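Participant: Input: one structure, supplied below.
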Amino acid sequence: MNNIFLKILSLLALACPALAHDGNWTAARPDGHAPISVMGDHMHKMGEWMVSYRYMTMKMEGLLDGSSEVTAMGANSKYGFNAMMLPKEMTMDMHMFGAMHAISDQLTLMGMLNYLDNEMTMQGASIAPMETSGWGDFKLSGLYDLARMEGGRRVHLNLGISLPTGGVDEKKADGTIMPYGMQLGSGTWDFLPALTFLGQSDDYSWGAQVGGTLRLDDNDRGYSLGNRFEASLWGAKNISDSLSVSAKIDHSSQDELDGQDKDVTMMMRNMSPGYDPNHQGNDRTSLGLGFNYYFRDGGLKGHRMAAEWETPISQKANGVQLELDSVWTLGWQYAW
Ligand SMILES: [Cu+2]
């Protein structure tokens with residue numbers, strides 16, 4: 001775990017009384033929602049509904065071995081992988097549909113379903129690009145209010161479950177199973193706990209979220225993806241009644257894969273890191289910059305538009321993997 005990150009977190013916790021306003025925390029301002037890449041950041045008032053759509057596109061290019069860049073030939077001489085069978089670049093597009101409903105002031109329910117589009121090109125020019133698309137895992141969460149304090153601060157607990165609705169048996173045209181990174185779901189029931197802290201002053205706000213994804217079993221292909229830990233810290237400034245800008249730092253850590261897909265042979269595993277459980281999972285620290293726009297009146301009252309761009313400031317792959325370049329998230333939210 002990242003020490004610098006914990007230091008920033010504790011500094012912010014100390015500084016938060018200085019970043020306070022007199023009233024209670026409110027969502028009715030542009031920075032009343034976190035940067036758009038953060039999930040389950042805010043709660044609703046009893047009876048409120050919200051629907052949302054996010055488009056996320058993730059671009060990966062080049063190879064990493066641990067935290068250093070490596071060429072296909074380099075990965076070949078170190079691990080014996082077939083240089084032509086190594087990935088070259090990958091784009092992951094995600095359409096994320098969400099709904100929230102507060103059944104009381106203490107409890108907001110949230111559901112989310114993603115549609116994915118993955119494309120991966122290999123080093124060997126004659127190898128056809130791999131493509132998968134379809135629905136991912138359905139996530140259902142409860143956000144429970146833990147404390148509302150003076151000075152616009154509050155804390156809530158996120159408890160979620162991810163259902164294995166996404167495919168884990170996506171195959172290539174020749175019938176071979178796709179690498180782990182091209183599958184649409186985890187195949188497992190996953191537990192998603194998190195704690196979220198929020199604070200507001202008149203013109204500024206901040207938030208922090210610490211959470212994880214814990215795989216509860218093995219999937220019916222014989223493996224489980226690594227457990228994941230994630231911590232985010234963000235700050236935002238209101239530029240006007242409708243517009244806020246934000247900066248976010250995010251650290252995530254995902255373990256290697258446990259077990260092995262039943263159709264992956266030793267030869268596949270030896271040729272390509274995409275089939276090797278030890279070459280899955282990574283640690284990443286990213287910086288995100290974004291804005292939120294909140295329509296306060298007129299025909300679009302209650303609608304929000306937001307965008308965020310994220311890029312890694314450090315990343316370490318378990319073994320050989322594609323290097324993350326950038327992530328864009330564009331979102332629309334409407335609450336009533
Ligand atoms: Cu909401």
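Quick note: the coordinates plus some simple rules give every number you see, no bench work behind them. As the structure is a computational prediction, the values presented were derived from the model and not from experiment. In this analysis, Cβ positions are derived from the backbone assuming ideal geometry, glycine residues included, and neighbour counts consider all displayed protein chains.
Participant: Taking Cα pairs under 8 Å and at least six residues apart, what relative contact order does the range 140-237 come out at, in percent?
Facilitator: Working: 213 pairs, mean separation 23.5, N = 98.
Taking the mean separation of contacting Cα pairs over the length of the range 140-237, I get 24 percent.
Participant: How much length would be gained if the chain were fully extended between residue 78 and residue 103, taking 0.36 nm per residue of separation minus their Cα-Cα distance, in nm to one decimal? Let's see the in-between values first.
Facilitator: On the way: separation 25, 0.36 × 25 = 9.00 nm, distance 5.59 nm.
Contour length minus the Cα-Cα distance gives 3.4 nm.
Participant: Let me ask something else. Can you tell me which aspartates and glutamates have their Cα less than 12 Å from the Cα of residue 171? Leave out same-chain residues fewer than eight positions away.
Facilitator: 131, 263
Participant: Under a 10 Å cutoff between Cα atoms, tell me which one of 185, 74, 226 has the largest fluctuation in the Gaussian network model of the chain.
Facilitator: Looking only at 185, 74, 226, the biggest GNM fluctuation is shown by 74.
Participant: Okay, moving on. With +1 on each Lys and Arg Cβ and -1 on each Asp and Glu Cβ, and nothing else charged, work out how big the dipole of the chain is about its Cα centre, in Debye to the nearest 20. Numbers along the way, then the final one.
Facilitator: On the way: 25 positive and 40 negative charges, 108 e Å.
Computed about the Cα centre, the dipole is about 520 debye.
Participant: In addition: Past 32 Å, Cα to Cα, is the threshold; run 88/248; 78/139; 45/139; 139/172 against it and keep the listed order. Walk me through the numbers on the way to the answer.
Facilitator: Details: 88/248 29 Å; 78/139 39 Å; 45/139 21 Å; 139/172 27 Å.
Checking Cα-Cα distances, 78/139 exceed 32 Å.
Participant: Here's a follow-up. Size of the dipole of the range 73-164 about the Cα centre, Lys and Arg at +1 and Asp and Glu at -1 on the beta carbon, nothing else charged, in debye to 20? Walk me through the intermediate numbers first.
Facilitator: On the way: 6 positive and 9 negative charges, 65 e Å.
The calculated dipole for the range 73-164 is roughly 320 debye.
Participant: Suppose each label sits 7 Å from its Cα in the direction of the beta carbon; what would the residue 59-residue 270 distance come out to in nanometres?
Facilitator: So the label points at residue 59 and residue 270 sit 3.8 nm apart.
Participant: Something else about it: Roughly how many whole Å is it from the C-alpha centroid of the range 285-335 to that of the range 145-218?
Facilitator: Spelled out, the Cα-based centre of one part sits 15 Å from the other.
Participant: Now for a separate question. When Lys and Arg each count +1 and Asp and Glu each count -1, what net charge do the other residues less than 11 Å away from residue 161, Cβ to Cβ, add up to?
Facilitator: Working: positive: 139; negative: 137, 190.
Charge balance in the 11 Å sphere: -1.
Participant: Note the full-extension length gain between residue 48 and residue 71 as 0.36 nm times their separation in residues minus their Cα-Cα distance, in nm to one decimal.
Facilitator: Details: separation 23, 0.36 × 23 = 8.28 nm, distance 5.22 nm.
This chain segment gains 3.1 nm when fully extended.
Participant: Between residue 295 and residue 145, what is the label-to-label distance in nm when each label sits 7 Å out along the Cα-to-Cβ direction?
Facilitator: Going by the 7 Å Cα→Cβ label model, 2.8 nm.
Participant: With +1 on the Cβ of every Lys and Arg and -1 on the Cβ of every Asp and Glu, and nothing else charged, how large is the dipole of the range 233-336 about its Cα centre, in debye rounded to the nearest 20? Can you show the working numbers first?
Facilitator: Values: 9 positive and 14 negative charges, 104 e Å.
The calculation lands at about 500 debye.
Participant: For the range 55-129, what is the convex hull volume of its Cα atoms per residue in Å³?
Facilitator: On the way: hull volume 9.8 nm³, N = 75.
Dividing the Cα hull volume of the range 55-129 by its residues yields 131 Å³.
Participant: Just want the answer: with Cβ charges of +1 for Lys and Arg and -1 for Asp and Glu, which residue in 298, 326, 267 is farthest toward the dipole's positive end in the range 185-336?
Facilitator: Farthest towards the positive end: 298.
Participant: While we're here: Can you check what the Kirkwood hydrodynamic radius comes to for the chain, Cα pairs only, in Å to one decimal?
Facilitator: Values: mean 1/r = 0.0476 Å⁻¹.
Value: 21.0 Å, from the Cα pair sum.
Participant: Net charge near residue 332, counting Lys/Arg +1 and Asp/Glu -1 over other residues with Cβ under 12 Å of its Cβ?
Facilitator: Overall, the nearby charge balance is +2.
Participant: Which whole-number percent gives the relative contact order of the range 3-335, counting Cα pairs below 8 Å spaced six or more residues apart?
Facilitator: Once normalised by length, the contact order is 20 percent.
Participant: Sticking with this one: Summing Lys, Arg as +1 and Asp, Glu as -1, what charge do residues with Cβ under 15 Å from the Cβ of residue 78 carry, residue 78 excluded?
Facilitator: -3
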